[in-house]
1. Which of the residues belonging to the range 272-297 are outside any helix (DSSP H, G or I), away from the ligand (no atom under 16 Å from the Cβ) and at pLDDT below 90?
2. Give all pairs with beta carbons closer than 6 Å in which a residue from the range 151-176 that is farther than 25 Å from THR46 by Cα meets a residue that is in a helix (DSSP H, G or I); count only pairs at least 6 apart in sequence or on separate chains.
3. Considering only residues that are over 40 Å from the mean Cα position of the chain (by Cα) and among the polar types (S, T, N, Q), which ones fall in the range 229-259?
4. Would you mind listing the strands (runs of 3 or more DSSP E) fully within the range 1-94 where at least 2 residues are within 15 Å of the ligand (Cβ to nearest atom) and open to solvent by less than 30 Å² (accessible area, probe 1.4 Å)?
5. Out of the residues in the range 95-108 meeting the condition of being of a type outside the set (A, V, I, L, M) and in contact (Cβ under 8 Å) with a residue 24 or more places away in the chain, tell me which one is surrounded by the fewest Cβ atoms within 10 Å (Cβ to Cβ).
6. Just to be sure before I move on: is ARG230 in contact with a Gly (Cβ under 9 Å, 6 or more places away or on another chain), of a type in the set (Lys, Arg) and buried (at least 18 other Cβ atoms within 10 Å of the Cβ) in the structure I sent?
7. Can you name the residue in the range 169-209 that is within 16 Å of VAL33 (Cα to Cα) and among the charged types (D, E, K, R) and is also least open to solvent (accessible area, probe 1.4 Å) among such residues?
8. Do you know which residues across the range 155-168 are within 16 Å of the ligand (Cβ to nearest atom) and either open to solvent by 60 Å² or more (accessible area, probe 1.4 Å) or out of contact with any helix residue (DSSP H, G or I) (no Cβ under 7 Å at 6 or more places or on another chain) (or both)?
Amino acid sequence: MSEPALRAVELTKRYGRLTALDTLTLDVRPGEVFGFLGPNGAGKSTTIRLLLGLARPTVGRAEVFGVDAADVARAHASLAYVPADVALWPQLTGAEILHLQAQTGPGTDLAYRDELVEQFQLDLSKPARTYSTGNRQKVALIAAFATRAPLLVLDEPTSGLDPFMEREFRTAVGQARDRGQTVFLSSHQLAEVEAVCDRVGILRAGRLAEVATIGRLRGLHRCEVSVAYRGAVPSLSTVPGVGTVEAVGEGQLRFTLTGPPAPALRALADADITALSVREPSLEEIFLDYYGTRAGR
Ligand SMILES: Nc1ncnc2c1ncn2[C@@H]1O[C@H](COP(=O)(O)OP(=O)(O)OP(=O)(O)O)[C@@H](O)[C@H]1O
């Protein structure tokens, strides 16, 4: 399929005077794992509801593999969705729910589903009303990952999972990618996005602030270089890309660097450098650059 798995064209949602999503234009390519990152209230769930045809855009449109999101029956034939708050039929057991979903969804790989039940250590014999939040999330994730749907849409998929289960989740996303499925997941967990996503979109107060691969996102941001030197102090203050330079001890300097390192390396080559280390920003530092201090609308 050459159509994008998901397409948003100037997608906008207003609730009265509040613009929850502001002219979002975005293509998610078939086969990629796309992370949609943003703090509480940034508009992630609103975007997902619009992409799934669960809410109507004020302006713009959304498509799933070229099908208008409003054409729910056709659009949903090629996707599986796990909402942020999973609701299950309380009187049915986990096994009965998985059976029901396999019969009504876009087709399920039953052998793989059994493997997932093992991986996620889910007790299928219990009625869903006795399941914890995390166990309800597991049922929905297992049902979604076991489908052959070309697109998986996961809203805050690990919010109820413990760290061990988060690891299983990451494995399952990797297996989905290997099978060629597209995964679109929203998250405010940076480590998760960093671990599983090919590209990430950063949403801030309803607007898309950036779309980039994890590597490029880091490249756009400053890294921190520490050097030890003998003799004359390296002259860096006018070098392109070099930001703040600070002396951190006898014969030691630390400076920030943005963009290509060649000019800084040339400047350092003229000094007698005895040690050099480069620290890349963590995704958390990049995230904080976008949101200022504490994330918020
Ligand atoms: N039905 C609604 N009516 C009015 N305002 C709404 C409605 N749904 C969402 N909003 C508002 O739209 C904004 C975006 O909310 P949304 O739930 O999409 O954010 P989010 O990024 O998913 O946040 P979280 O991470 O907390 O789930 C918020 O200010 C929210 O209060």
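1. Correct list: ARG279, GLU280, PRO281, SER282, GLY292, THR293.
2. Qualifying pairs under 6 Å: GLU168/GLN119; ALA172/PHE145.
3. SER235 - this is the single residue of the range 229-259 that is over 40 Å from the mean Cα position of the chain (by Cα) and among the polar types (S, T, N, Q).
4. Filter on the range 1-94 gives 6-15, 18-28, 33-37.
5. That would be GLY107.
6. no
7. Looking at the filtered set, the residue picked out is GLU192.
8. GLU156, SER159, listed by residue number.
The values are calculated or read from the model by the stated rules, or taken from the named source; none is laboratory data. Everything numeric in this text was worked out from a predicted model, so none of it was measured. So basically every Cβ, Gly included, is an ideal-geometry build from the backbone, and we count neighbours across all protein chains shown. Just so you know, the surface numbers come from the protein's heavy atoms only, side chains and all, with ligands and any DNA or RNA stripped out. Shrake-Rupley method; radii C 1.70, N 1.55, O 1.52, S 1.80 Å.
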